[in-house]
Amino acid sequence: MARDATESPPLSRYQRLHRRLFYNDPADEIDLQPHTQERLVKKSELWGFFFFGFGYYSWPNVCASLLLPILVQGVARAASHLESNPLVVCPEADADIPPGDRCLVPFGWIYVTPTSYVLLLNVITVLCTIFVTLGVSALADHGRLSRSIMLFFCTLLCIVACLFFISPLKPELWWLCGVTFVVAGIFYGVTINFYDALIPNLTKYHPDVVRAKVTFGESSKEYIDAKVNVQTFLSGGASGAGYAGGLLLIIIVAIILLFTDATLLIVGYCLIICAAYVFGFMCLYAKFSVQRTFPPLPPGSNMLTFGYKRIAKTVRKARKLKTLFYFLCTWFILGDGLFATSNMAILIAQDQLQLENTSLIIAALIQFIFAGAGIIFWIWMQNSRGLSPLKTVIINACLFGLLPIYCLLGLIEGCPIGLKQEWELYMLAAFFGFFQGAIYSSNRVVYAQFIPFGHENELFALYEMSSVSSSWIAPLICTAIIERSNARQTWWFLATQFYIPAFMLLFVNVDKGRAEGIAFYEAEKLKKGQQGDGDLAEMTGGDAELYFDGQKQDLSKNV
């Protein structure tokens with residue numbers, strides 16, 4: 001039968017793939033755009049979001065978890081002195097250290113082992129990150145600054161990362177490595193907070209979510225399912241992109257270290273390459289991303305103190321967001337344990353197994369490969385088997401707890417396993433990677449459902465304070481355990497960091513938490529006496545004009 005002249009020719013496989021990845025349905029502009037004040041999310045904006053995750057998540061996955069512990073501990077070890085005689089520099093080989101003696105390095109007015117030095121730096125980093133992040137996070141929920149602030153701090157991180165080579169090059173400046181470590185951690189923490197806060201905002205203006213809202217209403221099951229599906233896609237996609245980017249970066253770093261002498265100076269140079277890597281993908285995000293307009297700061301607000309006052313005001317209303325803050329408490333324990341477990345495995349591999357940097361790089365490669373497989377598996381479980389994000393977190397937490405339990409076998413005299421051999425590190429890296437990505441992405445999805453509109457950045461600041469970028473309780477306790485006994489005794493404590501939150505999560509009611517977030521937002525609108533965003537009621541005429549002009553500019557770009 002002859003083809004109708006008006007019928008479009010069939011699309012090739014490449015054209016179908018291109019259409020799925022980049023095509024924006026023009027009908028969305030006509031049918032959905034009138035129902036939202038901000039421009040709809042386009043495919044190019046989603047690509048920018050994932051590009052940033054591809055590059056930026058490489059920093060925690062490669063630099064913060066692998067290269068920086070190697071560099072900082074190595075620099076501290078080279079600057080350490082014997083405990084028995086502080087005037088004698090520690091021998092390079094551990095076998096040459098006198099029996100019963102230890103290598104110590106100054107940390108303020110006390111002396112600690114190089115392993116404890118790294119953990120204490122993490123504590124300082126976390127406290128500083130909390131202070132800075134809480135100060136700027138609420139500012140990002142106002143005006144048109146959130147995108148600029150995120151790019152600014154990401155750029156600062158890339159600049160600071162280029163300074164790590166100085167301490168290995170000039171050993172007398174060994175302390176500079178610790179200072180740079182803290183500063184880089186602060187910049188990373190602020191940036192990742194703003195990035196995670198994009199998830200609820202992109203979800204709100206995603207065509208699938210807007211369509212479900214218009215068709216079925218905000219209280220419908222279809223609307224809630226659409227939000228969860230988009231949040232899972234964004235969170236899981238960002239984690240998957242991050243592990244893919246980390247895998248590519250770790251391959252580049254591995255090639256450099258394998259074909260050089262892999263000294264601490266080379267590790268410092270690798271961090272410069274990592275900084276360029278992150279900066280390149282940040283530029284791609286800057287090209288495709290969109291700055292949405294939020295209400296301006298209330299009249300008379302001080303930019304330096306507004307963030308702290310607003311977050312304090314929100315925390316004081318914790319009783320109205322009971323589920324959100326309860327979930328934060330569980331994630332505080334769980335995220336703390338995840339971060340400390342990864343660090344302790346690396347430090348034990350360096351300190352007790354005496355593994356070379358090459359072995360740690362191989363372990364990282366294995367972790368990234370299994371992390372990618374784990375992301376795909378757990379998203380498949382959620383989509384095809386109906387496994388909710390909350391159940392995914394609980395299951396993964398219970399399985400994660402097996403890792404410190406296995407390592408406790410190393411305390412049994414004569415037991416050949418328990419992280420005593422090199423192959424065990426590779427096995428545990430595969431185990432850790434398979435569950436790591438799923439637990440982080442699923443946590444973000446659950447938490448994002450509890451956040452009232454207009455509080456995304458400030459409440460994600462609290463989330464990041466409790467996550468891997470801001471863990472401090474576990475490193476502090478592990479340091480005390482190491483100073484009193486040995487590093488392997490820390491596994492007793494770390495095992496509790498998984499099973500206590502898993503038990504607590506059994507009492508989280510997602511529907512109740514979502515309802516509390518909606519009620520909180522509605523109460524703010526009612527208090528302001530206006531059926532709009534609460535902050536809009538405090539605008540002056542000029543502020544309101546700027547706000548709506550910004551929205552008109554965004555919408556004009558969408559046409």
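In whole Hz and in residue order, list the ³J(HN,Hα) couplings for the range 219-232 that follow from phi through the Karplus curve 6.51 cos²θ - 1.76 cosθ + 1.60, θ = phi - 60°; x for Gly and Pro.
8, 7, 5, 4, 5, 5, 5, 4, 5, 5, 5, 5, 5, 5
Restricting to lysines 8 or more places apart or on different chains, can you count the pairs in the range 128-274 with Cα atoms under 15 Å from each other?
Close lysine pairs under the 15 Å cut-off: 4.
Take the Cα radius of gyration of the range 308-394 and divide it by 2.2 N^0.38 Å, with N its residue count; two decimals is plenty.
Working it through for the range 308-394, the quotient is 1.58.
For the range 188-231, what mean projected area does the convex hull of the alpha carbons give, in nm²?
3.0 nm²
Step through the table entries LYS309/LYS527; LYS43/LYS287; LYS42/LYS309; LYS391/LYS420; LYS42/LYS320, compare each Cα-Cα distance with 25 Å, and write down the pairs that go over it.
Violating the 25 Å Cα-Cα cut-off are LYS42/LYS309; LYS391/LYS420; LYS42/LYS320.
Packing-wise, with mean Cβ within 10 Å as the measure, how do 51-59, 285-293 rank, highest first?
By packing density, highest mean first, the sequence is 51-59, 285-293.
In Å, what Kirkwood hydrodynamic radius results for the range 251-374 from the alpha-carbon pair distances?
Its Kirkwood hydrodynamic radius stands at 19.6 Å.
With no solvent and one point on each alpha carbon, what is the Debye value of log10 I(q)/I(0) for the range 76-214 at q = 0.12, 0.17 Å⁻¹?
-0.64, -0.96
As an exercise, use a Förster radius of 30 Å and the Cβ-Cβ distance of TRP492 and ALA373 to find the FRET efficiency, rounded to the nearest 0.05.
After rounding to 0.05, the efficiency reads 0.50.
In cubic angstrom, how much convex hull volume per residue do the alpha carbon atoms of the chain span?
In the chain, the Cα convex hull volume per residue is 178 Å³.
What ranking, highest mean first, results for peptides 336-347, 437-448 when packing means the other Cβ atoms within 10 Å averaged over each residue?
Highest to lowest by the protection proxy: 437-448, 336-347.
So how do VAL230, VAL190 line up by other beta-carbon neighbours within 10 Å, fewest first?
With the fewest neighbours first, VAL230, VAL190 line up as VAL230, VAL190.
Using only the C-alpha atoms of the range 44-149, find the volume of their convex hull and express it per residue in Å³.
Roughly 124 Å³ of hull volume per residue.
Convex hull volume of the Cα atoms in the range 86-131, per residue, in Å³?
85 Å³
No value in this document is a laboratory result; all are computed from the given coordinates. Note that the structure is predicted; figures quoted are calculated from it, not measured. Neighbour counts are summed over all protein chains in view; Cβ atoms, including those assigned to glycine, are modelled from backbone coordinates with ideal geometry.
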